[in-house]
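The values are calculated or read from the model by the stated rules, or taken from the named source; none is laboratory data. These figures come from a predicted structure and were not determined experimentally. Note: ideal-geometry Cβ built from the backbone for every residue, glycine included; neighbour counts use all protein chains shown. Heavy atoms of the whole protein, side chains included, go into the accessibility calculation; ligands, DNA and RNA do not. Shrake-Rupley method; radii C 1.70, N 1.55, O 1.52, S 1.80 Å.
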Amino acid sequence: MTPEARKRRKYWISELAKLSGSFGDDFTKMNAELRAEIGRDRTKALLDHLRLCGVVPEHYGHDSSEEKLYSKYTDAVISESLTAIGLKSAVITARSDAADVQARGGGYSLVADAKAFRLSRTAKNQKDFKVQAMDGWRSDLDYAVVVCPIYQLPNRTSQIYQQAIARNVCILSYSHLAALVGLARRRGAATARKGLGSVLKSVSLLHPSKNAADYWLGINRALVAALKGDVDLWTAEKTASLTALGAAKDEALTYLRSERNRLLGLSHKQALEELIRATGLDSRIAQVERIEHGNLLGD
């Protein structure tokens, strides 16, 4: 992980927390800046984003505006990656009951959704990966893709793999997509677009199974076949994924340890105030006080 990649990550974490109060305006600004950066720094910038965007910053509040904008940022990264691979792609913002990204090109079409998690999050269930939802959101498009950090996916058995194969939904990692972006840079968008199509098609050829090893063996074989003589791109992304995880862990641990030390340094009164703030008691009390009976039952 280069110092420049770490600097880029730090900048975007800070920028995504600068909210105007209008989610639509914030998304438009973020999307435009991301496109401008990738237009300036090319594939290098896009790969930096792909390798690190799957980790939600620990200091973003749960279900906060920052976290929601970060989710859209990951969708924008996926959309820009599909564009680099040679598809016409866009992030969909108008509906909540639809896939976040749509793309077409090279004789096929797809919907995609990017997933990101905090490293401190423990249990994840099959609903977090939206495999069944993606199947429905595909509508008349050919493929559905869920892009996740590889280290956050079940590594033994899970129903998500069986569902993905049965419903022809491709679970893909950011690393796989990064390898195809690298292929586009080296061999051209048409080659990468064809390669992605081969990977997406391979899911329907797999035997339905909950076994993670079986699923990823099929996906990895399809990717290596698509890369052909450029398999070194995949080797590089596997190494980059390990390095990126190390950098993300450093980032998370630095914040969490700092926060722990801060809390330990609070006075008794400050600690109680912090507890009240963390549980949201004041806002919940205010909400209860605002409730009025109204006159719907009549006078």
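Consider residue 278 against the criteria (1) of a type in the set (A, V, I, L, M); (2) within 30 Å of the chain's Cα centre (by Cα); (3) farther than 30 Å from residue 60 by Cα: it satisfies all of them except one. Which criterion is unmet?
Result: residue 278 fails condition (3) only.
Would you be able to say whether some residue in region 199-216 is open to solvent by less than 40 Å² (accessible area, probe 1.4 Å), over 11 Å from residue 86 (Cβ atoms), in contact (Cβ under 8 Å) with a residue 24 or more places away in the chain and β-branched (Val, Ile, Thr)?
Yes, because at least one residue in region 199-216 is open to solvent by less than 40 Å² (accessible area, probe 1.4 Å), over 11 Å from residue 86 (Cβ atoms), in contact (Cβ under 8 Å) with a residue 24 or more places away in the chain and β-branched (Val, Ile, Thr).
Test each condition in (1) assigned to a helix (DSSP H, G or I); (2) farther than 29 Å from residue 133 by Cα; (3) open to solvent by 40 Å² or more (accessible area, probe 1.4 Å) for residue 38 and report the one that comes out false.
All conditions pass for residue 38, except number (3).
Being under 20 Å from residue 199 (Cα atoms), part of a helix (DSSP H, G or I) and acidic (Asp, Glu) is the filter here; which residues of region 123-151 pass it?
The one that is under 20 Å from residue 199 (Cα atoms), part of a helix (DSSP H, G or I) and acidic (Asp, Glu): 135.
Does residue 182 fit the bill of being in contact with a Ser or Thr (Cβ under 9 Å, 6 or more places away or on another chain) and not charged (D, E, K, R)?
Working: in contact with a Ser or Thr (Cβ under 9 Å, 6 or more places away or on another chain): yes; not charged (D, E, K, R): yes.
Yes.
For region 185-196, name all the residues that are open to solvent by less than 30 Å² (accessible area, probe 1.4 Å) and either more than 18 Å from residue 148 (Cα to Cα) or of a type in the set (S, T, N, Q) (or both).
Filtering region 185-196 for residues open to solvent by less than 30 Å² (accessible area, probe 1.4 Å) gives 188, 192, 195-196.
Selection gives 188, 192, 195.
When you scan region 84-106, do you find a residue that is in contact (Cβ under 8 Å) with a residue 12 or more places away in the chain and assigned to a helix (DSSP H, G or I), even just one?
Taking every residue of region 84-106 in turn, at least one turns out to be in contact (Cβ under 8 Å) with a residue 12 or more places away in the chain and assigned to a helix (DSSP H, G or I).
Looking at residue 253, is it in contact (Cβ under 8 Å) with a residue 12 or more places away in the chain, within 30 Å of residue 4 (Cβ to Cβ), in a helix (DSSP H, G or I) and out of contact with any Gly (no Cβ under 8 Å at 6 or more places or on another chain)? Can you show your working first?
Details: in contact (Cβ under 8 Å) with a residue 12 or more places away in the chain: no; within 30 Å of residue 4 (Cβ to Cβ): yes; in a helix (DSSP H, G or I): yes; out of contact with any Gly (no Cβ under 8 Å at 6 or more places or on another chain): yes.
Judged against the criteria, residue 253 is not a match.
Residues to consider are 11, 73; find the one that is part of a helix (DSSP H, G or I), aromatic (Phe, Trp, Tyr), open to solvent by less than 20 Å² (accessible area, probe 1.4 Å) and at pLDDT 95 or above.
Working: 11 fails: open to solvent by less than 20 Å² (accessible area, probe 1.4 Å).
Being part of a helix (DSSP H, G or I), aromatic (Phe, Trp, Tyr), open to solvent by less than 20 Å² (accessible area, probe 1.4 Å) and at pLDDT 95 or above holds for just one of 11, 73, which is 73.
Just give me the residues in region 81-98 being modelled with pLDDT of 80 or more, surrounded by fewer than 19 Cβ atoms within 10 Å (Cβ to Cβ) and not aliphatic (A, V, I, L, M), in sequence order.
Of all residues in region 81-98, those modelled with pLDDT of 80 or more come to 81-93.
Checking the rest, the ones that are also surrounded by fewer than 19 Cβ atoms within 10 Å (Cβ to Cβ) come to 88, 90, 92-93.
Answer for region 81-98, where residues must be modelled with pLDDT of 80 or more, surrounded by fewer than 19 Cβ atoms within 10 Å (Cβ to Cβ) and not aliphatic (A, V, I, L, M): 88, 93.
What about residue 235, is it closer than 30 Å to residue 162 by Cα, at pLDDT 95 or above and either in contact with a Cys (Cβ under 9 Å, 6 or more places away or on another chain) or open to solvent by 70 Å² or more (accessible area, probe 1.4 Å) (or both)?
Working: closer than 30 Å to residue 162 by Cα: yes; at pLDDT 95 or above: yes; either in contact with a Cys (Cβ under 9 Å, 6 or more places away or on another chain) or open to solvent by 70 Å² or more (accessible area, probe 1.4 Å) (or both): yes.
Yes; evaluated as a whole, the condition is true for this residue.
What is the residue count in region 116-141 for residues that are surrounded by 23 or more Cβ atoms within 10 Å (Cβ to Cβ) and either without any contact (Cβ under 8 Å) to a residue 40 or more places away in the chain or of a type in the set (Lys, Arg) (or both)? Walk me through it before giving the result.
Keep residues of region 116-141 that are surrounded by 23 or more Cβ atoms within 10 Å (Cβ to Cβ), which gives 129, 131, 134.
Checking the rest, the ones that are also either without any contact (Cβ under 8 Å) to a residue 40 or more places away in the chain or of a type in the set (Lys, Arg) (or both) come to 134.
Qualifying residue count, region 116-141: 1.
Report every pair of residues separated by at least 6 positions or lying on different chains whose Cβ atoms are under 9 Å apart, first residue within region 271-298 and without any contact (Cβ under 8 Å) to a residue 60 or more places away in the chain, second of a type in the set (Val, Ile, Thr).
Here the result reads 282/276, each pair linking region 271-298 to a residue that is of a type in the set (Val, Ile, Thr).
Quick test for you: out of 128, 140, pick the one residue that is modelled with pLDDT under 95 and under 19 Å from residue 204 (Cβ atoms).
Details: 128 fails: under 19 Å from residue 204 (Cβ atoms).
Going through 128, 140 in turn, just one is modelled with pLDDT under 95 and under 19 Å from residue 204 (Cβ atoms): 140.
Looking only at region 208-217, decide whether some residue is part of a helix (DSSP H, G or I), closer than 14 Å to residue 176 by Cα and not aromatic (Phe, Trp, Tyr).
yes
Criterion first (closer than 21 Å to residue 251 by Cβ, under 13 Å from the mean Cα position of the chain (by Cα) and either open to solvent by 50 Å² or more (accessible area, probe 1.4 Å) or β-branched (Val, Ile, Thr) (or both)) does residue 101 satisfy it?
Working: closer than 21 Å to residue 251 by Cβ: no; under 13 Å from the mean Cα position of the chain (by Cα): yes; either open to solvent by 50 Å² or more (accessible area, probe 1.4 Å) or β-branched (Val, Ile, Thr) (or both): yes.
Criteria not met by residue 101.
Go through 182, 229 for me and flag whichever is small (Gly, Ala, Ser), buried (at least 17 other Cβ atoms within 10 Å of the Cβ) and out of contact with any strand residue (DSSP E or B) (no Cβ under 8 Å at 6 or more places or on another chain). So that I can check it myself, show each step before the final result.
On the way: 229 fails: buried (at least 17 other Cβ atoms within 10 Å of the Cβ).
The match here is 182.
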